[in-house]
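**Q** Take this structure, written in structure tokens, and hold onto it; I'll ask about it next.
Laboratory data are not the source of any read-out in this text; all were calculated from the coordinates shown. Keep in mind the model is a prediction, meaning the values are calculated, not measured. Ideal geometry is used to build each Cβ from the backbone, glycine not excepted, and the neighbour counts take in all protein chains shown.
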Amino acid sequence: MSFLADNFPLLRDAFLTTLSLAVLSGLVALVLGTVLAAMRVSPIAALRGLATFYVETFRNTPLTVVFFFLAFGIVYIDLQFPSRFITAVAALSLYTAAFVCEAVRSGINAVPPGQAEAARAIGLDFRQSLSTVVLPQAFRTVVPPLGSVWIALAKNTSIAAGFAVTDLTAVLQRLANANADQLAMVFIAVVAAYLLITLTSAWLIGILERRLAIVR
Amino acid sequence: MTERPTGEPLVRLTGVNKWFGQLHVLQDIDLTIDRGEVVVVIGPSGSGKSTLCRTINRLESIENGEITIDGQRLPEEGKELARLRADVGMVFQSFNLFAHKTVLENVTLGPIKVRKQSKADAEKRARELLDRVGVGHQADKVPAQLSGGQQQRVAIARALAMDPKVMLFDEPTSALDPEMINEVLDVMTSLARDGMTMIVVTHEMGFARRAANRVVFMDGGRIVESATPEEFFTNPTSDRAKDFLSKILNH
């Protein structure tokens, strides 16, 4: 146990890095994904096309490739992110937004069409009817799929370890290399840290789902 | 109601045509509704009467022809269309109350978001309207806690809150249990008495006799007959209307 105590500061910092990667990327992806979903149901064909292009690009590209492109590819067009951490947040956000978009869009499609018709009939424009009537109902139905997207994101943060961010997976590699005799302990500690994020999330998502359910 | 109001046109459809794919659902529709007039549209299912109703606030687009409301041509889309829809109240067969909002919020949403009224003003008016349609004490419930008849009366209050120039009713009682139909028809009858301009698609012949100035009979996407309720029910001129009435009035 003294092994864990010795390395506690390292593990704690790595845990906080993983958690902030997930939370920041999750927030950006939620906003971007919702905007994309609104574009995909918009009456303007150009917006629909743009959002569809985005989703198909990022949903069908391996996350590691997205990381690679943002870390090294954009240097060729004279661009660079201020830090490796921000590069990782950008890659995770852009990638996850595509999945958020599709989850939210399925929620929009699940709202009975009469709701949007009634909203238009009292004079709300497209944006108002989406933001006050359709999206609030859509979000309630997509808590479970968004929860899955979130948990996938929390685990996907581990790709950042390959791009010089000291997250839980990077620490797993480092400690395992340096302490071959403590391998089991290292794995247990790191997996427990991931589970702390994902299982707590699953529990909170369950509560949120029950709290937000709409009676029809 | 016998005498015919005003004679001043409010809603005018001229040469309106609409297709659903191959199906020609509205064929050369000409119809003028005067301010204060109550027009009941009847006809067999598939005759195009609901579609006709829905074109008037452009929930359905039309392929050709012209629709004007209060002299203004229906805009194709965007903010102008939204503004015009605010002046046209609509009541749906399936109520379509906003499921995530309370009864009171359902009624105040339009006045606050579209008419830019203050929340206090909108709520005061909403409570008056809810009282008027007899569901004032349900204001803080959500729609699913109300019966169908109560929900439809809330929907009428929601439309009235916008102070519309004309009210459209698209089969407002067709989704209701029989014992709830009258509570909705009573509200509609009192609206008609108060001089509201109304276009009502319905199968309720009693309402047509009692409250309508004019009955429009549709079949196969066309207006086949247009007459006072008295004339229409006692002496229909077209064979199609005679056939229709014989089927529904014999019970």
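**Q** Mind pulling the angle between the C-alpha long axis of helix A:8-40 and the longest principal axis of chain A? Nearest 10 degrees, somewhere in 0 to 90.
**A** Between the helix axis and the principal axis of chain A, the angle is about 20 degrees.
**Q** Just rank A:Ser83, B:Ser174, fewest to most, by other beta-carbon atoms within 10 angstrom.
**A** Ordered from fewest to most neighbouring Cβ atoms within 10 Å, A:Ser83, B:Ser174 come out as A:Ser83, B:Ser174.
**Q** Using helices alone, what [θ] at 222 nm do you get for the protein assembly as shown, with -39,500 (n - 2.57) per DSSP H run of 4 or more residues, divided over all residues and rounded to the nearest 500?
**A** After summing the helix terms and dividing by the residues of the protein assembly as shown, the value is -17500 deg cm²/dmol.
**Q** Here is a follow-up. Helix by helix through chain B, keep the DSSP H runs that span 30 Å or more along the axis on Cα and average at least -0.5 on Kyte-Doolittle, and give those back in order.
**A** In chain B, no H run is both long and hydrophobic enough.
**Q** Something else: Quick one: net charge of A:Val171's neighbours, Cβ under 12 Å, K/R +1, D/E -1?
**A** After counting each charged neighbour, the total is 0.
**Q** Sort A:Trp203, A:Trp150 by Cβ crowding within 10 Å, fewest neighbours at the top.
**A** A:Trp203, A:Trp150
**Q** Provide B:Cys53, A:Cys101 in ascending order of the number of other Cβ atoms located within 10 Å of each residue's Cβ, fewest first. Mind showing how you got there, number by number?
**A** Working: B:Cys53 22, A:Cys101 27.
The fewest-first ordering by Cβ neighbours comes to B:Cys53, A:Cys101.
**Q** Which angle between 0 and 90 degrees, to the nearest 10, do you get for helix A:183-212 versus the longest principal axis of chain A when only C-alpha atoms count?
**A** 20 degrees
**Q** Could you name the aspartates and glutamates in cross-link range of B:Lys141, using Cα to Cα under 14 Å and dropping any fewer than eight places away on the same chain?
**A** Counting by Cα, and skipping residues close in sequence, B:Lys141 has these aspartates and glutamates nearby: B:Glu105.
**Q** Still on this structure, I have one more. So which aspartates and glutamates pass the test for B:Lys242, namely a Cα distance under 18 Å, with those fewer than 8 places away in the same chain ruled out?
**A** B:Glu204, B:Asp219, B:Glu225, B:Glu230, B:Glu231
**Q** What does the net charge come to around A:Ala38 if you take all other residues with beta carbon closer than 10 Å to its beta carbon, with K and R at +1 and D and E at -1?
**A** Net local charge, A:Ala38 excluded: +3.
**Q** Please compute the contact order of chain A in relative form: average sequence separation of alpha-carbon pairs under 8 Å and at least six residues apart, divided by the residue count, as a percent.
**A** Contact order relative to length: 27 percent.
**Q** Now for a different question. Size of the dipole of chain A about the Cα centre, Lys and Arg at +1 and Asp and Glu at -1 on the beta carbon, nothing else charged, in debye to 20? Please report the intermediate quantities before stating the final value.
**A** Values: 14 positive and 10 negative charges, 127 e Å.
Using only the charged Cβ atoms, the result is roughly 600 debye.
**Q** Taking Rh as the Kirkwood radius computed over C-alpha pairs, what is the Stokes-Einstein D of region B:99-251 at 10 °C in a medium of viscosity 1.306 mPa s, expressed in µm² per second?
**A** After rounding, the answer is 94 µm²/s.
**Q** Apply the a/c threshold of 1.5 to the C-alpha gyration tensor of chain A and tell me whether it is rounded, prolate or oblate.
**A** oblate
**Q** Give the lysines reachable from B:Lys116 as a straight Cα distance under 19 Å; neighbours fewer than 8 places away on the same chain don't count.
**A** Leaving aside lysines fewer than 8 places away in the same chain, those within reach of B:Lys116 are B:Lys79, B:Lys101, B:Lys124, B:Lys165.
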